[in-house]
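Engineer: For reference, the structure I am asking about is given below.
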Amino acid sequence: MAVQQRLSGAITSLDGVIGREEHLNAPAIVVRPDAVQSVLNRLRSEFDHCACVTAQEYQDRFETIYHLRRYDEPTTELSVIVPTTVEGPHSQSASAVYPTAEWHEREAYDLLGIDYDGHPDLRRILLPETWVGHPLRSSYDQEQPQIVTLSEHDNPLEDDRALGSDTMVINVGPHHPATHGVLHLLVTLDGEQVVGVEPQLGYIHRCEEQLCQSGTYRHQIMPYPDRWDWGGGGLLNEWAYARVAEELADLSVPEYAQVIRTMSAELSRMLSHFLAIGTYALDVVGEFTAVFMYAIRDREQIQSLLEALTGQRLMFNYFRLGGVAWDLPEPREEFFEGVRTFLETLPEKIEEYDDLLAHNEIFQRRCVDTGVLDASTAKSFGCTGPVARASGIDYDLRRDDPYGYYESLDWEVITASAGDNFSRVLVRLREIEQSARIVEQCVELLESWPAADRTIQSNVPRTIKPPVDAECYRAVAAAKGELGIYIRSDGTDTPARFKIRGPSFSHLQALESMATGEYVADLIATLGSLDTIMGEVDR
Amino acid sequence: MTISETLAGALGLGAVNPLEDFVLSLVGAALVGTFILLNTAVAGPWAKRKITAAFTDRIAVNRIGPFGLLIIVADAVRMLSKELVIPEGVDRPAFDLAPLVLVASALLGFAVVPMGNGIQLADPTVGLAFLFAVASIASVALVMAGYASNNKYSMLGGLRAVAQNVAYEIPLVVTAMSVVLFTGTLQTSEIVAAQTETLLQLGALSIPSWYAFVNPFAFVLFLAANMAEVGRNPFDTPEAPTEIVAGFQTEYSSVYFVLAYLGEFIHIFLGGAILATVFLGGPAGPVLPGFVWFTIKIWAFFLFTQWCRSAIPRVRVDQVIEIGWKGMLVLSFANLLLTAVIVGVIV
């Protein structure tokens, strides 16, 4: 906070700053639409992480908010608000300062129709080029049919042939054995070498933000975060919503519930990491690899535990605002026994993965020094989570912006410095071990928790109506990285704006710089090492 | 002894005239071909699944018939009843020929392999050279498939297959030559016969002079090059499903797919047969008949390929080529020179 105070005077006096506001998570400055670049340029040295870009519509204006924070001190935050007119909204693009803003602004253009001056490539990103209208605008007609005929789609292959070039364009996805979901990479190849990669998003855009904006805070939103990660990290995503909504509505969470949340969330992280490692082995080893089946076998055990706890195997819907849905399953001893048994067998399993992957010479030849992402590039694209940590960025919101019960537990943030595919896999393997440590400590705490003191949920009003114009961006360390949610309240029981920041969205942006110049095989391996999940990219 | 002589003996015909020889050879060829196809039928739909499952803690096919064996029938019906899709713009007849060439080249190889108990279709004096020659025709089939499919993934797969086969064919043949230096002949039956002597007597256990024991270094080299030839992990780059979908196979469906798939399996068995003939004493072995030992040996190689498939990562295409040209080639020539010196000085 000290930095913030030191800055506040200097920031508000910057040329182009026309006002000040207060968000629940951070102070905010209002910037003239034509001074965005100059202001952000001055701020870049203090705030090196453009976490998210939110665009929204008010009655009298459109607004773009750049959520800035620091990698080495994420609690130092600043929101930069850029208001623009209702008619022909346009403001300066931030992509020259923060490359990660490029895709975020394309999304804002796509969904709200704000033009960004100086943007290098302002096209739709989630919806097809032929879409009519901007669906998040209040004037958008939802009844209007949108029919896109096949002939209206451009065919990049024909251009390619017409040019008679030495390179060839190849479509990796949306149906391909290695795209980890319906991702479409438009890859330009020179022989076996990659000249360019352009991810095409939006194949499973499900209007998640719109859906959340039409649900009530108390119960109707919580099921959605599970649907942003079907790799097993659902509980972590639920926590992202719980965190921001609890702050917005000023709800407390009982300590007992915090411990349960921490334990179940870490089990969820292990689910996700096991899947990431298993599918990565598929990408590098081949489709008949033992590692994949081992990973599925080990996930199964965690999944049984979480099923006993939440009643669900994938879409958990277990967190509630102010706590969790229900207490541990009875008999408690049996549940603890199950967790213990799993944790006891884990070290030898990890050793097996180490033997099959990390210690394998061919695996090393394939992964060491391929798909290198250096720390500064990672920062410029807003990479977080294991991807950032493998590039030597010591950034973990569980420690740096503490929530839940993490602060009171003994665990470490895993980092590596090489930033290559090998480091990313290794970081995930080691993070599984750390998650196990956390779970073990939680189990100990829960075992000895006095029966009279087991409150699983605080008193939460039947209808939650946060104050008018309360705004908050909060993030948690989800399995893939920083999963942030921005909510603006308008005093009703549904959010006026619900913006989701999926970590994989940023990671995919970095793919091109990582894979260009490498072989096709490395492109696939690099994509796999990012552990993207399209649920949080397309939303 | 060739198969026509064996059959004539079994039928009590005595000396045969050329016409009878021709007919008996055809019958023999049908028998051998059926045997090989039977092996691939067991290997493809059933054994491969069972073996991979065993490596990965699963059960695999166990619903239809004893041990799930009838899955072979079910799969055959399933594959044959699928629609044969010929994509627009494919280059016919190359597209149609490729799967046939792939299967034929592999089957042809078995013509000169001595399988024990007098089962050998032909025994030309250039047997080993013939074996390598027909086995490498498969590369032509892969290029045909890759080029004719009018698909970029197929093209990449076809190109990879050729680059890989060229890079590994040379070490393969050169390593086999080091064995020929010992035997002094290319005739497969002679190569097998030369491996019957005892190399070492350890009490009751006598180790035969199989070239795998005489020159283990050459054996390992040959085994590695053979893996690349049959395109299995760590050298399955021509298919590399997670990278280039299915390589040259991408556009093949129904019967063509079965043929392409079959061709690959026959190639694995042919690889095993070459390995057995050149390095493992052919059909030699104690107690059991030679033919059974031969079958065991080719299945052992099949098992080995599946083991590698489950456990060993795939090397990248440039690494495949690098290992081939910079590693295997040099080592195989070193092996050849060394063997030549040893054979020249000692034998």
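Engineer: Rg to Rh for the stretch A:64-148: what is it, with Cα atoms only and Rh by Kirkwood?
Structural biologist: 1.03
Engineer: How much accessible surface area, in Å² rounded to 10, belongs to the heavy atoms of residue B:307 with a 1.4 Å probe?
Structural biologist: About 140 Å², rounded to the nearest 10.
Engineer: Ranked from the most accessible area to the least, with a 1.4 Å probe and all protein chains present, what is the order of A:501, B:78?
Structural biologist: On the way: A:501 0, B:78 100 Å².
Result, largest first: B:78, A:501.
Engineer: Which order do you get for B:182, B:279, B:333, A:381 if you rank them by accessible area with a 1.4 Å probe, largest at the top?
Structural biologist: Working: B:182 70, B:279 0, B:333 95, A:381 35 Å².
Of B:182, B:279, B:333, A:381, the descending order of accessible area is B:333, B:182, A:381, B:279.
Engineer: At 24 angstrom or more along the helix axis (alpha-carbon based) and mean Kyte-Doolittle of -0.5 or higher, what helices does chain B contain? Whole DSSP H runs only. Before the final figure, lay out each step's value.
Structural biologist: Details: long enough: B:18-42 (36 Å, 1.60); B:152-183 (46 Å, 0.99); B:254-279 (37 Å, 1.77); B:290-311 (32 Å, 0.90); B:329-346 (25 Å, 2.54).
Going by DSSP H runs, the hits are B:18-42, B:152-183, B:254-279, B:290-311, B:329-346.
Engineer: What size of dipole, in debye to the nearest 20, comes out for the stretch B:84-346 about its Cα centre when the only charges are +1 on Lys and Arg C-beta atoms and -1 on Asp and Glu C-beta atoms?
Structural biologist: On the way: 9 positive and 15 negative charges, 72 e Å.
Magnitude of the dipole: close to 340 debye.
Engineer: Once the whole set of protein chains is in place, how much accessible area is left on residue A:353, using a 1.4 Å probe, in Å² to the nearest 10?
Structural biologist: Result for residue A:353: roughly 0 Å² accessible.
Engineer: Considering the options B:215, B:64, B:288, tell which one lies farthest towards the positive end of the dipole of chain B, charges being +1 on Lys and Arg and -1 on Asp and Glu at the Cβ, about the Cα centre.
Structural biologist: B:64
Engineer: Lysines within cross-link reach of residue A:465: Cα-Cα under 30 Å, excluding same-chain residues under 8 positions apart?
Structural biologist: A:499
Engineer: Give the whole-number value, in cubic angstrom per residue, of the convex hull volume spanned by the C-alpha atoms of the protein assembly as shown.
Structural biologist: Details: hull volume 182.6 nm³, N = 886.
Residue-normalised Cα hull volume stands at 206 Å³.
Engineer: Any idea how far the Cα center of the stretch B:154-178 sits from the one of the stretch B:258-311, in Å?
Structural biologist: Using only Cα atoms, the two centres lie 20 Å from each other.
Engineer: Could you compute how fast the stretch B:84-346 diffuses translationally, taking Rh as the Kirkwood radius over C-alpha pairs and applying Stokes-Einstein at 4 °C with viscosity 1.567 mPa s? Give it in µm² per second.
Structural biologist: 68 µm²/s
Engineer: Evaluate peptide B:149-162: per residue, the Cβ atoms of other protein chains within 10 Å of its Cβ; return the mean as an integer.
Structural biologist: Numbers: counts 0, 0, 1, 7, 5, 0, 2, 6, 0, 0, 2, 2, 0, 0.
Mean partner shielding for this stretch: 2.
Engineer: Keeping all protein chains in position, work out how much accessible area residue A:344 exposes to a 1.4 Å probe, and write it in Å² to the nearest 10.
Structural biologist: 130 Å²
Engineer: Another one. Show me, bin by bin at 5 Å from 0, the whole-percent P(r) of the stretch A:494-539 based on Cα pairs.
Structural biologist: Going out from 0 Å in 5 Å bins, the stretch A:494-539 shows 5, 21, 24, 18, 13, 7, 5, 4, 2, 1 percent.
Engineer: For Cα pairs less than 8 Å apart in space and 6+ apart in sequence, what is the mean separation divided by the residue count of chain A, i.e. the relative contact order in percent? Spell out each step's value before the answer.
Structural biologist: Values: 1077 pairs, mean separation 94.9, N = 539.
That works out to 18 percent.
Engineer: Determine, at each q value in 0.20, 0.21 (inverse angstroms), the log₁₀ of I(q)/I(0) that the Debye formula gives when each Cα of the stretch B:1-118 is one equal point scatterer.
Structural biologist: With one equal scatterer per Cα and no solvent, log10 I(q)/I(0) is -1.09, -1.13.
Engineer: Sticking with this one: What does the C-alpha gyration tensor say about the overall shape of the stretch A:416-519? Classify as rounded when a/c is under 1.5, otherwise prolate if a/b is larger than b/c, or oblate. Please report the intermediate quantities before stating the final value.
Structural biologist: Values: a/c = 5.04, a/b = 1.26, b/c = 4.00.
Oblate, because a/c is 1.5 or more while a/b does not exceed b/c.
Engineer: Could I ask something else about it? Kindly sort A:195, B:174, A:148 by accessible area of their heavy atoms, largest first, with the probe set to 1.4 Å.
Structural biologist: A:195, A:148, B:174
Engineer: What translational diffusion coefficient, to the nearest whole µm²/s, does the stretch B:63-161 have by Stokes-Einstein, given a Kirkwood radius computed over alpha-carbon pairs, a temperature of 25 °C and 0.890 mPa s viscosity? Can you show the working numbers first?
Structural biologist: On the way: Rh = 16.2 Å.
This corresponds to a translational diffusion coefficient of 151 µm²/s.
Engineer: Residue B:50: which aspartates and glutamates have alpha carbons under 17 Å from its alpha carbon, excluding same-chain residues fewer than 8 sequence positions away?
Structural biologist: Residue B:50 reaches A:287, B:75.
Engineer: Moving on. Can you list the equivalent-ellipsoid semi-axes of the stretch A:385-445, largest first and in whole Å, using the square root of 5 times each Cα gyration tensor eigenvalue?
Structural biologist: Its equivalent ellipsoid spans semi-axes of 23, 13, 6 Å.
The values are calculated or read from the model by the stated rules, or taken from the named source; none is laboratory data. Please read all numbers here as calculations on a predicted model, not as lab measurements. We place every Cβ from the backbone using ideal geometry, glycine too, and count neighbours over all the protein chains shown. What goes into the accessible areas is simple: the full protein's heavy atoms, side chains included, and nothing from ligands, DNA or RNA. Shrake-Rupley method; radii C 1.70, N 1.55, O 1.52, S 1.80 Å.
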